[in-house]
Amino acid sequence: MNRNFIKEKSRLPVLGVGLGYRTAIAEQTLKHRDQIDFLEVISEHYTTAGPLKIKEIETAEKFQIIPHGVELSIGSTDEIDDQYLKNLKQFIELIKAPWWSDHLSFTGADHAHLNNLIPLPFSKEAVDHVVKRARRVQEYTGVPFLLENITAYLRTPGGEMSEAQFISEVLEQADCGMLLDVNNVYVNSLNYNFDPFEFIDQIPLDRVVQIHIAGHRKTRDLVLDTHGAQISKPVYDLLDYVLKRTKVHAVLLERDQYFPKFDSLLRELQNIREIAAPVQPELAEPANRMQFLHAVA
Amino acid sequence: MSTMNLAEIQKTMILLLTDSDLIKDENHHNLTEDQKQFLSQIPHDRFEVYAYGTLGKRFDFSLMIFDLTHKAFTRQEWYELLEQYWKERRNNPAQPIDALAEFPQFLSSSGRDPVWSEFAEYELALGNVARYRDEIEVTNDPRPENLATSRTRVVINPSLRLMSFNYAVIDIAEKLSHRRKPRINRLATPIYLAIYQDPTTRNTRVQQVGSLTARLIEAAQSPRTSIGGLYRLVKVHQKKLDKLIIEQSLAQVIAQLQERGVISQFIYSEQ
């Protein structure tokens, strides 16, 4: 099939600034449609869930929902689970998602699943393998697919290129999009001592559709991507750097633990909007938000 | 220079991440030369970060799936149980609820009070019933008559799981959900629970049934059993009762099970 992701990207809606939908903050989240433009859910929480869990989604229908997976295991040498893909496609159709995403990693192999994102070796063989599978899943779902750069606490032996090269090769050859996690870039830059801005310059920014942003924690030896702290200044700076260089359709705040008062999450969303406003006003104040505000006025 | 291909690299990574003992110097003789070389390229403390992260994620899943069972243990005990559980199971399904399917038996074999194994079975069943997602077809056809000879079949709600317990799991659940200590007494006779999705609301329902009703439900789950077959089953257990009384009692049980959504349909057949 002759696709062209860059053209497809230009037709995707601009969703604005959103929040990861989590049970611990679900009630508060649903009350703040005026300040949250869209929600992202963990696909696997719904693709294998029963009807009551799916009903949760119906209560959130005033939000655009984006599915974000953690178990596709795009880089695994095990077969892709067809049932998983079928359930995912059904879910994507149910919520009319304009795109979906998962991680550039593997979560298991040899029929053992770790439920954790493990870095791939940055090798030509891994590129070819991921490209084939990414094309297949994108074609099967019929909806643009984004791959997210992960935080890695080790470099898997067998690499032949840099991470930025690896990401670029995969995205270009698979002709898919990118979910750029700026916190992951920053965390990796501290753990592996590289310049995060240079890294950003080396990846195909024109393929970035969505951005993830979150907080991290510094330990004595490592920086950990915890999604359990406030966004730090250098991570906001990276966001600003990216937004000045490419059109982005959505920015999502991820918070998975140590939930603060909801107001501080709303403040972080507002900070993101303020960074976006001068360079991408449509991202800061997307049409869907304006429509909602008019409707409730 | 390593000659490992991607599949071998991944297999080695998983092996090293799931069996931390292999990383220790004294156990390197269990690794191939390629694996030893592979291991030498990674700072060993980084494996711990992943092992810790993996267990942390699995710990979180387990708290969701065994939301009440875990409250019977200290956090440390629960963590150690899970650590041991996964150490013994390298190959597991991707879905956490499937990966934890053997956890109740594991609790039993780990020397814990048998009540917790049964209670974990109960909670796992609640989770599995809740995720049943196919349509549950319900018809409100009239109930058949002349039960003794009826070839009509009852269709049991397809989400239903019939289970027997030696402990009062519903009471234990009630106490644990309020963070109160449950009273643990083995029952004189087992109780039978029908756990199923309400066809209308899709809420999970738990219905205690008597032993004979449990046998009837079990028999009716077989597509070969007609209502006449159910009648004969009751007759075997209630030899002294006459036909009319058995028919009346069976009709009453069928009516109750239909009202509660345990029976979802009748499939009529020519007499």
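Spatial offset of the stretch A:7-55 relative to the stretch B:86-158 amounts to 30 Å, using the alpha carbon center of each. Every Cα-Cα pair in chain A was counted, and those over 28 Å apart are 34% of them.
For the stretch A:90-139, trypsin sites (Lys or Arg not before Pro) meeting the loop criterion (DSSP other than H, G, I, E, B) and having at most 10 other Cβ atoms within 10 Å: A:K96. Between B:T200 and B:R260, the distance separating the two model label sites (each 7 Å from Cα on the Cα→Cβ line) works out to 1.6 nm. Per the Debye formula on identical point scatterers at the alpha carbon atoms of the stretch A:153-270, with no solvent, log10 I(q)/I(0) at q = 0.21 Å⁻¹ is -1.27. Given R0 = 51 Å, the distance between the Cβ atoms of A:K124 and A:D34 translates into a calculated FRET efficiency of 0.55. Across all directions, the shadow cast by the convex hull of the protein assembly as shown built on its C-alpha atoms averages 31.9 square nanometres. Between A:E56 and B:H178, the FRET efficiency estimated from the beta carbon spacing at R0 = 25 angstrom works out to 0.50. Rg and Dmax over the alpha-carbon atoms of the stretch B:19-102 stand at 15.3, 46 Å. For the residues of A:175-183, the average number of beta carbons from a partner chain within 10 Å of their own beta carbon is 0. Remark: spin-label model distance A:F197-B:S222 equals 7.7 nm, labels positioned 7 Å along the Cα→Cβ axis. If you average the C-alpha positions of the stretch A:179-214 and of the stretch A:138-153 separately, how far apart do those two centres end up, in angstrom? Each part's Cα centre sits 15 Å from the other's.
One way to sum up the overall shape of the stretch A:73-189 is the equivalent ellipsoid from its Cα gyration tensor, whose semi-axes run 23, 16, 14 Å, largest first. The C-alpha atoms of chain B define a longest principal axis, and helix B:75-87 lies at about 80 degrees to it. The mean of 1/r over all distinct Cα pairs in the stretch B:38-158, once inverted, gives the Kirkwood hydrodynamic radius of 17.7 Å. With contributions of -39500 (n - 2.57) from each DSSP H run of at least four residues, the per-residue ellipticity at 222 nm computed over chain A stands at -12500 deg cm²/dmol.
Can you give the FRET efficiency for A:L94 and B:D34, using 1/(1 + (r/R0)^6), R0 = 35 Å, r = Cβ-Cβ distance, to the nearest 0.05? So, using R0 = 35 Å, E works out to roughly 0.15.
Across the stretch A:214-297 the C-alpha pair distances fall into 5 Å bins from zero in the proportions 3, 13, 21, 21, 19, 13, 7, 2, 1, 1, 0 percent.
Averaged over the residues of peptide B:199-206, the number of Cβ atoms from other protein chains lying within 10 Å of each residue's Cβ is 2. The rule of thumb for compact globular proteins, 2.2 N^0.38 Å, goes into the C-alpha radius of gyration of the stretch A:81-141 1.24 times. Angle of helix B:227-237 to the longest C-alpha principal axis of chain B, folded into 0 to 90 degrees and rounded to 10: 90°.
Any idea what the alpha-carbon Rg over 2.2 N^0.38 Å comes to for the stretch A:38-128? Please report the intermediate quantities before stating the final value.
Working: Rg = 14.5 Å, N = 91, 2.2 N^0.38 = 12.2 Å.
So the Cα radius of gyration is 1.18 times the expected 2.2 N^0.38 Å.
Between the stretch B:229-271 and the stretch B:1-66, how far is it from one alpha carbon centroid to the other, in angstrom? The stretch B:229-271 and the stretch B:1-66 have Cα centres spaced 58 Å from each other. Of all lysines in the structure, those lying under 17 Å Cα to Cα from A:K233, and not within fewer than 8 positions of it along the same chain, are A:K218, A:K244. Full extension of the chain between B:Y52 and B:M64 gives 2.5 nm of extra length, using 0.36 nm per residue less the Cα-Cα distance. Taking a straight Cα-Cα cut-off under 13 Å and skipping sequence neighbours fewer than 8 places away in the same chain, the aspartates and glutamates within cross-link reach of B:K235 are B:E247. In plain terms, if you count all Cα to Cα distances in the stretch B:165-271 and split them into 10 Å steps from zero, the share in each step is 12, 36, 32, 16, 5, 0 percent. Loop-located trypsin sites (Lys or Arg not before Pro) across the stretch B:6-66 with a Cβ neighbour count of 15 or fewer within 10 Å are B:K24, with loop assigned by DSSP. Modelled spin-label separation between A:L222 and A:F292, with each label point placed 7 Å from Cα along the Cα-to-Cβ direction: 3.6 nm.
Rg ratio for chain B: its Cα radius of gyration over 2.2 N^0.38 Å, N being its residue count, equals 1.37. Kirkwood-type hydrodynamic radius, the stretch A:1-157: 16.8 Å, calculated from all non-identical alpha-carbon pairs.
Peptides A:165-174, B:82-91, A:208-217 ranked from most to least packed give A:208-217, A:165-174, B:82-91, packing being the mean of other C-beta atoms within 10 angstrom over each peptide's residues.
For a quick check, take a GNM of chain B with Cα springs below 10 Å and name the residue from B:A125, B:A148, B:A194 with the largest mean-square fluctuation. Maximum among the listed residues: B:A148.
Just checking the output field for A:103-113: average partner chain Cβ neighbours within 10 Å of each residue's Cβ?
6
Annotation for the stretch B:215-271: chymotrypsin sites (Phe, Trp or Tyr not before Pro) lying in DSSP loop with at most 15 further Cβ atoms inside 10 Å of their Cβ are B:Y268. Once the cut-off is 16 Å, how many percent of the Cα-Cα pairs in the stretch B:158-203 end up in the long-distance tail? Within the stretch B:158-203, distances greater than 16 Å cover 52 percent of Cα pairs.
Readers should treat all values here as calculations from the given coordinates under stated rules, not as data from a laboratory. The structure presented is a predicted model; accordingly, all values stated were derived computationally and were not measured. Using ideal geometry, Cβ is built from the backbone for each residue, glycine included, and neighbour counts are taken over all protein chains shown.
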